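Beneath this line is the structure, given in structure tokens, with notes to follow.
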Amino acid sequence: MNFKLRIWRQRDAKSRGKLVKYDAPDIPAQASLLEMLDIVNERLLLRGEEPIAFDSDCREGICGTCSLTVNGEAHGPDHPGAACELYMRKFRDGETIIVEPFRVKSFPVIKDLVIDRSALDRIVQAGGFISARAGSAPEANSIPIPKHDADLSMEAAACIGCGACAAACPNASAMLFTAAKVSHLALLPQGEPERTKRVVSMVQAMDAEGFGNCTNTYECEAVCPAEISASFIAKLNREYSKASLRRSAGE
Amino acid sequence: MIGNFDARTPSGPLDRKWTSHKDHSRLVSPNNRRKFEVIVVGSGLAGGSAAATLGELGYRVKCFCYQDSARRAHSIAAQGGINAAKNYQNDGDSVYRLFYDTIKGGDFRSREANVYRLAEVSSNIIDQCVAQGVPFAREYGGLLANRSFGGAQVSRTFYARGQTGQQLLLGCYQALCRQIAAGTVQMFPQTEMLDVVLVDGHAKGIVTRNLRTGKIDNVAADAIVLATGGYGNVFYLSTNARGCNVTATYRAYKKGALFANPCFTQIHPTCIPHSGDYQSKLTLMSESLRNDGRVWVPKQKEDAKKPPNEIPESDRDYYLERKYPSYGNLAPRDISSRAAKEVCDEGRGVGPGGRGVYLDFADAIKRLGEETIRERYGNLFEVYQKITGENAYQVPMRIYPAVHYTMGGLWVDYNLMSNIPGLFVIGEANFSDHGANRLGASALMQGLADGYFILPYTLPNYLAGQMGKRPSNDHAEFKKAERDIRAKIDNLLKINGKRSLDSIHRELGTLLWDKCGMARNKNGLEEALRKIPDLRERFWSRDCGIRVPGDGEDFNQSLERAGRVADFLEFAELMCLDALARDESCGAHFRDEHQTSEGEALRDDENFADVFAWEFQGNPATAGPKLHREPLHFETVHLTQRSYK
Amino acid sequence: MIDQKSEPQSAAAATVRTKPRGLISDFCHSSVGRKMIVAVTGVILILFVIGHLLGNLQIFLGPEWINAYSQHLRDLGPLLWLIRAFLLTTVILHIYFTILLAIENRRARPERYIDRQYVKASWASRHMVVSGLVVLAFIIFHLLHFTGRKFNPQFPLLKLDPLNRYDVYSMMVYGFQNVYVSSFYIVGLFLLTLHLTHGSSSFFQSLGLNNQRLTPRLAIGGRILAWLLFIGYTSIPIAVLLGFIKPAQQL
């Protein structure tokens, strides 16, 4: 297959970037989008040009490293799935494909298509954990957890931390990410003791990182490769208001 | 040799060894702990759990990973589950049985004491993970669910959907985040370790490169923990993440750490086959598919290119059912992998490049209906369709074996310390627990056992004698290591040849897959050993070698990968040497010369019940590595031969 | 000894810590809290819009009804002013916090996508500020028009009805007989409807009164409500323009 590419090139965080045109002839239909970029890079290299920098690691949709906006959609048009799970046969022969990085102020571009998502780590550092010291854990079956709760918690925990939710959100909001993290732990009895503090600190950290605000457009859940439901955002809102009430009651 | 080549296995009865060892290990008092700095390289299950636990104990930890976040280490991709001897099913499981299954699965090439300890702490891991909020699958009554997994007759595998690895990793990532917030752990993502620095024979620091800025740093510490995973990517194509590499362990090896059993690499039989040279990665499909699928290839070479539906029943060869009538399509991993390679080598392989066999569900669909099959394997069929574009309900799936775990790694003693004092190695990066073959759902168990429950006891035992011995990071040894690293980077940038890095790496991978893959033999290995130095020479050749654009002072992905491939090109030789020296078959190491009449691996316990540990002797072109052998003593188990006919 | 040369990720985490504020201030400064304020004020305004429509629809029952209704409102006296003040405050809060959020949202993505496709986010959900501002302009016009009795030369000429009440009935009819005025009303109501197709279900999400099962139903219910309001409101100018309703007094 043959493609025309327009790819975002940007030297570093401070430089201005632009879309650059490339031709990508003779691409096997079975190749993934990232493999297509590998091929283009190999050709660029042999022509003495600098290859396109882009991030990827596991290439099976679980590590959340890849972070491309393809033809205007986070992770490309084949939802649900990460960019590494996007295959060229999904495109028309001769199609023009535009590849941009995830564009969120809190995810500054490092180079070309590579971005810095440490903001997400910092949200978790603010409270996205259960304080359980190794060695002090009680017997695993001592607290039964209703299957429904455990399953729901698992659904939230499936988040791969790619940041597509913020990238796709018209407001660049990271609510779905934060909501998934908060819900995962709030749904488990083990998460109970730190429940109030956790949601308040995490929302505070999220705001401090400079993400936008959720306006319930649900664009996030449509592009989420882990199919996290936006109803977890409702859960987060609920948790937050409960926590605010509890705190105002002095608990 | 630097340090001590002594397994330090405690004496006493097997089930008392770990307890008594803990009781007699030295401790560091709480107010002294903050005076010690510990470097942890890698943030997967082993590294992440170790860094978090050591931070919690009060040590000052610096944790490094090449990924952009600690949460992305490749432990995340593990699907199946994690074993633990909880005996929640009341089906007769016990610590001893988990120990025995693991040591037998490893074909009796691991240490009894280490494996027993692993089985012993397995229960604590589940407790710890549940307390951290890992959402394991549960039964309706709210108790934890289990499933059975290959190589065991009991249900002892805990799982979280098809993403147990990600959930366990998130557990320790969250614990790590908590320590980062508390200031006990400093996290350095996108930072690669390029060298270990030894001062007075002890590992006292590392040299790192910030992948984002290209900055080289010297970091001093009281002890170093390597948790850098396996080296499966030496084969170019594997189920490992693109970034997985041997650099940290190989460079430690070049500084004098012994590398043990490098030829023990596990091949998984059910992966989606590769479809062309451009392919960057192989994807694993759950082995459970073999419960209902039938494996076949055409009887005639000429039919291999035909669409499968045009090949009549009489022209199909259901080779697993033919060769292993009683186990059939459920023959163990290594056996079915080898059988697939065999038929493909005969030219009967299907799909692009003739590297694939059919896994056909037509009979199962006829028998059980498509709905049942969809219920059982729906998500796997979706993954398959996404990658190949084929509907496996209508045309048979194509599968092929792929490298996915490496049992070999740096040699460690019972304390998980390498022969270099102060250099600890945990998780897949060490060689310790899986022998010649790893059982399913055991990798996660080992990583977390090492990080949560073993290292926190054995590391203080070393640190207790090291108070005040941390050198400054401008010590002459650091300066020297930094100079060497800078020179190496400059050399890579100076090659300016005509080939792409991938093309050389692919060539290396193909060579190893053919000669040091599922089945090995003397001639093939010798041929590989002749070809690898030649390949290395071509890599470095000024005019026709690789080309690394850009410079070292920048975010430069080509440079990162060039350094890793350069190490693979040296390491591959060590692997082949090990495979050649181990003149027996055992577990995943199958030497054509040594098989039973039934085509099974034939061990030679008399001569090879040893760990092979290799010592670097300088430039591999001039001096081969030196082999040290650690005899394995089996006091409790009786060595038996596997049979699956 | 902390290594001065390398910069750990944790260094940046310190910046996340925000100064402790009062609980209410915390709430009003957090993205979730602000969103809830917008939601609560939104609900109040929706209730007003429904009530207002029910009042207006009395025009179809003849001058008796609607004139009595309007006299009844006026008889409330100071209470009417209280209600008006309450509604005004609600509108101001609703707009103030929305604008605040919108400014942050723009800042959260300084570099726009060159190519942008939406998978799920509806036009209405992405243009709440625009539709809201047009609705605001419409409300101002509407208040001047009927409450301030501007724009229509006939209004000052209208006499009291036989029971000495304002002849609201005729005022509405004369008002809507002007095609331009009626068209502006219909456009204004159309934008209000768009605003409500999103807003009337969105507040469930913002207030956390939502879950995976409810979300799609609420979304449909919200749209139905918004369009019922549209039909109800526009039925009046259309009935006037088509001549179904004639003024009670001729001028």
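Would a scan of the stretch B:102-110 turn up a residue that is closer than 27 Å to B:P421 by Cα and more than 9 Å from chain A (Cβ to nearest Cβ)? Yes. Within the stretch C:163-183, residues that are within 17 Å of C:H142 (Cβ to Cβ) have Cβ atoms under 8 Å from residues that are among the hydroxyl-bearing types (S, T, Y) in these pairs: C:Y166/C:S70; C:V168/C:Y69; C:V168/C:S70; C:F176/C:S182; C:F176/C:Y185, counting only partners at least 6 apart in sequence or on another chain. Examine the stretch B:389-403 for a residue that is among the hydrophobic types (A, V, I, L, M, F, W, C), within 14 Å of chain A (Cβ to nearest Cβ), over 30 Å from B:N31 (Cβ atoms) and buried (at least 24 other Cβ atoms within 10 Å of the Cβ), and state whether such a residue exists. Scanning the stretch B:389-403 turns up at least one residue that is among the hydrophobic types (A, V, I, L, M, F, W, C), within 14 Å of chain A (Cβ to nearest Cβ), over 30 Å from B:N31 (Cβ atoms) and buried (at least 24 other Cβ atoms within 10 Å of the Cβ). Among all residues of the stretch A:105-124, there is none that is within 23 Å of C:G208 (Cα to Cα) and not in a helix (DSSP H, G or I).
Report yes if some residue within the stretch B:543-556 is of a type in the set (V, I, T) and at pLDDT below 95; otherwise report no. Yes: the stretch B:543-556 contains one or more residues that are of a type in the set (V, I, T) and at pLDDT below 95. Taken over the stretch B:177-204, the criterion of being in a strand (DSSP E or B) and either of a type in the set (D, E, K, R) or more than 10 Å from chain C (Cβ to nearest Cβ) (or both) is satisfied by B:E192, B:M193, B:L194, B:D195, B:V196, B:V197, B:L198, B:V199, B:H202, B:A203, B:K204. Of all residues in the stretch B:487-522, those being in a helix (DSSP H, G or I) and among the polar types (S, T, N, Q) number 3.
Please tell me if B:H274 is within 14 Å of chain A (Cβ to nearest Cβ), touching a strand residue (DSSP E or B) at 6+ places or on another chain (Cβ under 9 Å) and not in a loop (DSSP other than H, G, I, E, B). Taking the combined requirement at face value, the residue does not satisfy it. Per the listing C:L218, C:L196, the residue uniquely open to solvent by 30 Å² or more (accessible area, probe 1.4 Å) and either among the small types (G, A, S) or more than 17 Å from C:N67 (Cα to Cα) (or both) is C:L218. Checked across the stretch B:157-173, the condition of being open to solvent by 20 Å² or more (accessible area, probe 1.4 Å), under 26 Å from the mean Cα position of the chain (by Cα) and more than 7 Å from every other protein chain (Cβ to nearest Cβ) holds for at least one residue. Residues in the stretch C:146-166 that are within 15 Å of C:N56 (Cβ to Cβ) and not in a helix (DSSP H, G or I): C:Y166 only. For the stretch A:48-96, a residue qualifies if it is surrounded by fewer than 20 Cβ atoms within 10 Å (Cβ to Cβ), over 15 Å from the mean Cα position of the chain (by Cα) and either assigned to a strand (DSSP E or B) or in contact (Cβ under 8 Å) with a residue 40 or more places away in the chain (or both), and the qualifying residues are A:R89, A:D93, A:G94, A:E95, A:T96.
Looking across the stretch B:293-304, the residues that are open to solvent by 20 Å² or more (accessible area, probe 1.4 Å) and either touching a residue at least 40 places away in the same chain (Cβ under 8 Å) or not in a helix (DSSP H, G or I) (or both) come down to B:R294, B:K299, B:Q300, B:K301.
Results for (1) polar (S, T, N, Q); (2) open to solvent by less than 10 Å² (accessible area, probe 1.4 Å), shown as yes or no for each residue.
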residue	(1), (2)
B:T213	yes, no
B:D222	no, yes
B:Y231	no, yes
B:V246	no, yes
B:T249	yes, yes
B:N261	yes, yes
B:I267	no, no
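Restricting attention to the stretch B:17-37, the residues that are in contact with a Pro (Cβ under 8 Å, 6 or more places away or on another chain), part of a loop (DSSP other than H, G, I, E, B) and of a type outside the set (G, A, S) add up to 3.
Residues checked against (1) in a helix (DSSP H, G or I); (2) more than 8 Å from chain A (Cβ to nearest Cβ); (3) surrounded by fewer than 16 Cβ atoms within 10 Å (Cβ to Cβ); (4) in contact (Cβ under 8 Å) with a residue 60 or more places away in the chain:
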residue	(1), (2), (3), (4)
C:I92	yes, yes, yes, no
C:I95	yes, yes, no, no
C:L101	yes, no, no, yes
C:N105	yes, no, no, no
C:P110	no, no, yes, no
C:Y118	no, no, no, no
C:S125	yes, no, no, yes
C:V129	yes, yes, no, no
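Checking each residue in the stretch B:305-347 for being touching a helix residue (DSSP H, G or I) at 6+ places or on another chain (Cβ under 8 Å), open to solvent by 20 Å² or more (accessible area, probe 1.4 Å), of a type in the set (D, E, K, R) and outside any helix (DSSP H, G or I) picks out only B:E346.
The values are calculated or read from the model by the stated rules, or taken from the named source; none is laboratory data. Note that this is a predicted model, so its numbers are computed, not measured. Note that we place each Cβ from the backbone using ideal geometry, even for glycine, and neighbour counts take in every protein chain shown. Keep in mind that these areas ignore ligands, DNA and RNA; they rest on the heavy atoms of the full protein, side chains included. Shrake-Rupley method; radii C 1.70, N 1.55, O 1.52, S 1.80 Å.
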